[in-house]
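Colleague: Just dropping this structure here.
The values are calculated or read from the model by the stated rules, or taken from the named source; none is laboratory data. Everything numeric here is computed off the predicted structure, so don't read it as measured data. Glycine gets a Cβ as well: all are built from the backbone with ideal geometry, and neighbour counts include every protein chain shown.
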Amino acid sequence: METLEIIGALVTLLGSIFIFLGGLGIVRMPDLFNRIQAGTKASTLGTILSLFGLAIINEAWIWKLLVIIFFVLITNPVSSNVISRAAHFRGIKMTDKTVADLLVDKSNKPGEE
Amino acid sequence: MIKKGILLLLLAGFVVVISNLIINFSGSSELNPLARYYAENGPTEVGAANLVTAVVVTYRGFDTLGEVTILFIAAAIVGFFLKILNSNNNRTSSLRKPSEILETASTLLVPTIFMLGTYIFINGHLTPGGGFQGGAVIATGVMMIILARPTSEFNHKLLSILEAISGIGFVLMGVLGLILASGFLNNAFLPLGKLGNILSAGAIPIIYVFIGIKVGSELTSILNSLKENQNEV
Amino acid sequence: MTQYLSVEFIAMLTGFLLMVIGVWGIISQKNLLKIVIGFSLFDTGLNIVIVSLSYVKNSTAPILDKAVEVSDAASKIADPVPQALVLTSIVIGLGVTALMLAYVMRMFREKKSLEINSYNELKW
Amino acid sequence: MVNTILIVAGVFMVLGILLSLFRFIKGPDITDRTVAFDVMTVTSISVIGLIAYFAGRIIYLDVALVYGLLSFLSVVAIGRYIEKGL
Amino acid sequence: MSIILAIFLGLVILILAFAAIYHKNIKVAIIASGAVGLFASVLYLLLAAPDVALTEASIGSGLSTIIFFYVLNKIRQSND
Amino acid sequence: MNIRNVTNLFVLLFLIWLLLTGTFELTSLLLGIVIAGGLSLIFGKNSNVFGKLRLTPKVFIYSLHYLIVLSWEIVKSNVDVALRVINPKLPINPGIVKVKTKLKSPMGRMILANSITLTPGTLTIDIKDDEFYIHWIDVKTLDPEIASQEIMGKFEKILEVIYG
């Protein structure tokens, strides 16, 4: 049983490293969309992995942890979609490296204030 | 400048008063007698595994009754202050429509949020949670509906009926405790059951269902009056 | 010194400082919404202080299940009474916040301004 | 052994929260701050999981449950406010 | 170990509270006060109070932020 | 009144109840059935969110397959983006591209959009009719056909079977 617990702990460690990388990405990336790409997604995977690792360590907890993972999987993409759509509507300046912007919003006005 | 000085003086007085408390603080290493009584006798007297629930619903049930009343008064005053003067709904049409993802996700998530709220207040005597948290979660579910479909309307009649029924039910449970058991809001007039089962702790699950519906409908009516008020001015 | 290095003391200190910040916000800010935010910070700080009073050294949550048996509950759990009080206090705090925000909306409707200095009818 | 690894994991999580706090303080626009807030809530879920493990109580996970389902709602409200759809 | 986590949480709470009081942009102040509720909830969990943490998570961090934004929305509507 | 929709919602809610309580005690099961039934009747009556989804073994197997594909993609692209973040030169080439989908069912479209968002490197920004607007961290092509294949070819094939 000891090895299983260590494997679970290592999975949790991996997840926390992803969380750290997400934090790094959110600091380093140049504009909002890239921050969402690097930050929110990496920390979502990190959270899922670390909860999964806890489930391996302590198999009695697996049901409740599965529900949490399910909720995180559903809700997180929705929130980043809403915030990125709002940011695009608001006319956030994108980084100079941007190649193309095919989304033309008919009702798009420059930012609100 | 004098004003700023007076403000600083006020703040300094506040800091002195509380710093006196904090310097002499040393954490307690054992429970005080009241808490010890609750910890030792709570499981046998009330039958609830969650002692916080036992305190909220039975030992200090009057506090809860007063608290629900305060919330009701707050909801009523908010509704009164924000009474709609002219309700023409032309503004809602100018709103930007939510994205399709949010709409579809809300049809999936709203039942799930309601399920979680129901779980929280029905299991209030076993796990953390109870009527207040469950009611707040349910109000958040209603909030989700408003966010995803800004044009949706709420049935005021249904809200007030739910609130009235649950309030009457809560008081009725208290009076039943007074008649059938030893005191107001005593839960022991139903069998206490085995500690840790879902149908245990006497009347606590029923009381929590009432509290949950009441808190949920009150918070919903606060949100509703804030929402509808946007149509004027 | 060692008595100060405990979770409950740090939480209590945080709560007190949060209360101080909240009071400072209430008395120094001019924006009505900022004042409401100050009230809610004060509320949170007060709740943290009360909960930190309920903590007993090395205690766990006052909920009995497989981890905490009925027989040794009294030696393991934290004090349930302050937690129950804070529970209701948070919900009331939301009601009070909503009420204050309704006042703010009403006041804004009269004068179209959020500056507290423009409401000077009762000033002497 | 297991506890040591988990403590190291906790340190990484705390560092992640600190980095997103930095973005929250600095972030030029409100949307950047909202994203930082989102990252902080998601990270808090795993911190809660670790606290539950060290306390050895499964019931603490109920808090993470509520976080997982409700934390995104305030983000959605902010987004709808920015795009004038509230 | 939990002491270090408590110190960290306390510092984060205080920084966010300062941001909530002193930031010029009112929206940022509201989000910061929501984040104060978020970390206060984790602190409650450290203090062995899961019930309170649950309440704070659903109310302090969720509902109150949303209510603030509703009011702000209405005030902006008549502003521009 | 859409019977299939209500049943699907009931199954989902009852599954969540089981996972939450974690017991198979009789009273708890009965209570779960009552609550899930009531909620699915209230919410499933007027919506058509699940579309034509049938709960057959084939759908179950395909869902499992989808989960495996999705998790593999998530891990792979996460490592990719993480390498970009660590790299001091920050090699990104972002842009918003347009892709087309054939899916009609709202649930299938939501799951597809969420899967695209969950894999780092791509982020769904908006949906208009059958066009998805996607922010891509490393734009390889601007042509909708090739981009669709590149970004969501794997997901779409399986979802087409499930949501028919």
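Colleague: Considering only the stretch C:47-64, how many residues are touching a Ser or Thr at 6+ places or on another chain (Cβ under 8 Å) and more than 9 Å from chain B (Cβ to nearest Cβ)?
Modeller: Looking only at that region, the number is 3.
Colleague: Select from the stretch D:60-84 the residues that are within 9 Å of chain A (Cβ to nearest Cβ) and over 15 Å from A:Ser79 (Cα atoms) and write down the one among them that is modelled with the lowest pLDDT.
Modeller: D:Lys84
Colleague: Okay, next question. Any idea how many residues of the stretch B:123-149 are at the interface with another protein chain (Cβ under 7 Å from one of its Cβ atoms) and in a helix (DSSP H, G or I)?
Modeller: Result for the stretch B:123-149: 9.
Colleague: It is to be established whether one or more residues within the stretch A:57-72 are out of contact with any Phe, Trp or Tyr (no Cβ under 9 Å at 6 or more places or on another chain), charged (D, E, K, R) and farther than 22 Å from D:Arg23 by Cα.
Modeller: Yes, there is a match, as at least one residue in the stretch A:57-72 is out of contact with any Phe, Trp or Tyr (no Cβ under 9 Å at 6 or more places or on another chain), charged (D, E, K, R) and farther than 22 Å from D:Arg23 by Cα.
Colleague: Here's a follow-up. Limited to the stretch B:24-47, what total is found for residues that are free of Cβ contacts under 8 Å to residues at least 24 places away in the same chain and farther than 21 Å from C:Val56 by Cβ? Before the answer, list the steps.
Modeller: Of the stretch B:24-47, the ones free of Cβ contacts under 8 Å to residues at least 24 places away in the same chain are B:24-42, B:44.
Within this subset, residues satisfying the condition of being farther than 21 Å from C:Val56 by Cβ are B:44.
Selection size over the stretch B:24-47: 1.
Colleague: Within the stretch C:97-107, restricting attention to residues that are at the interface with another protein chain (Cβ under 7 Å from one of its Cβ atoms) and in contact (Cβ under 8 Å) with a residue 40 or more places away in the chain, which residue is farthest from B:Ala76 (Cα to Cα)?
Modeller: Only one residue tops the list, namely C:Val104.
Colleague: Another question, if that's okay. Do we have F:Ser77 as surrounded by 14 or more Cβ atoms within 10 Å (Cβ to Cβ), among the hydroxyl-bearing types (Ser, Thr, Tyr) and closer than 17 Å to F:Arg4 by Cβ here? Before you say what the answer is, go through the steps one by one.
Modeller: Working: surrounded by 14 or more Cβ atoms within 10 Å (Cβ to Cβ): yes; among the hydroxyl-bearing types (Ser, Thr, Tyr): yes; closer than 17 Å to F:Arg4 by Cβ: no.
In short, no.
Colleague: Name the residues in the stretch D:28-59 that are at the interface with chain A (Cβ under 8 Å from one of its Cβ atoms) and farther than 23 Å from F:Gly22 by Cβ, would you?
Modeller: Across the stretch D:28-59, the qualifying residues are D:Asp29, D:Thr31, D:Asp32, D:Thr34, D:Val35, D:Ala36, D:Asp38, D:Val39, D:Val42, D:Thr43.
Colleague: For the stretch B:33-51, enumerate the residues that are at the interface with chain C (Cβ under 7 Å from one of its Cβ atoms), surrounded by fewer than 24 Cβ atoms within 10 Å (Cβ to Cβ) and not hydrophobic (A, V, I, L, M, F, W, C).
Modeller: Correct list: B:Arg36, B:Glu40, B:Pro43.
One line per residue, one yes/no per condition, for (1) under 15 Å from the mean Cα position of the chain (by Cα); (2) part of a helix (DSSP H, G or I); (3) over 16 Å from E:Tyr44 (Cβ atoms):
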site	(1), (2), (3)
D:Ile5	no, yes, yes
D:Ser20	yes, yes, yes
D:Phe24	yes, yes, yes
D:Ile51	yes, yes, no
D:Val63	yes, yes, no
D:Val66	yes, yes, no
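Colleague: Could you tell me whether the stretch C:45-62 includes any residue that is without any contact (Cβ under 8 Å) to a residue 40 or more places away in the chain, farther than 30 Å from B:Ile2 by Cβ, touching a Leu at 6+ places or on another chain (Cβ under 8 Å) and not in a helix (DSSP H, G or I)?
Modeller: yes
Colleague: Looking at (1) touching a Lys or Arg at 6+ places or on another chain (Cβ under 8 Å); (2) outside any loop (DSSP other than H, G, I, E, B); (3) at pLDDT below 85, can you tell me which one A:Val82 breaks?
Modeller: Checking A:Val82 against (1) touching a Lys or Arg at 6+ places or on another chain (Cβ under 8 Å); (2) outside any loop (DSSP other than H, G, I, E, B); (3) at pLDDT below 85, the one that fails is (3).
Colleague: Let me spell it out: the conditions are (1) surrounded by fewer than 24 Cβ atoms within 10 Å (Cβ to Cβ); (2) of a type in the set (A, V, I, L, M); (3) facing chain D (nearest Cβ under 7 Å), and A:Ala86 meets all of them except one. Which number is the exception?
Modeller: (1)
Colleague: Further question on the same structure: Only one of C:Asp65, C:Asp43 is surrounded by fewer than 24 Cβ atoms within 10 Å (Cβ to Cβ) and either within 23 Å of the chain's Cα centre (by Cα) or modelled with pLDDT of 85 or more (or both); which? Don't jump to the end; show me each part of the working.
Modeller: Values: C:Asp65 fails: either within 23 Å of the chain's Cα centre (by Cα) or modelled with pLDDT of 85 or more (or both).
So the residue among C:Asp65, C:Asp43 that is surrounded by fewer than 24 Cβ atoms within 10 Å (Cβ to Cβ) and either within 23 Å of the chain's Cα centre (by Cα) or modelled with pLDDT of 85 or more (or both) is C:Asp43.
Colleague: If only one of C:Ala84, C:Ala74 is part of a helix (DSSP H, G or I) and within 13 Å of B:Leu31 (Cα to Cα), which one is it? Steps first, answer last, please.
Modeller: Numbers: C:Ala84 fails: within 13 Å of B:Leu31 (Cα to Cα).
Matching residue, one of C:Ala84, C:Ala74: C:Ala74.
Colleague: Tell me yes or no: at least one residue of the stretch F:141-155 is under 17 Å from F:Pro106 (Cα atoms) and assigned to a helix (DSSP H, G or I).
Modeller: Yes.
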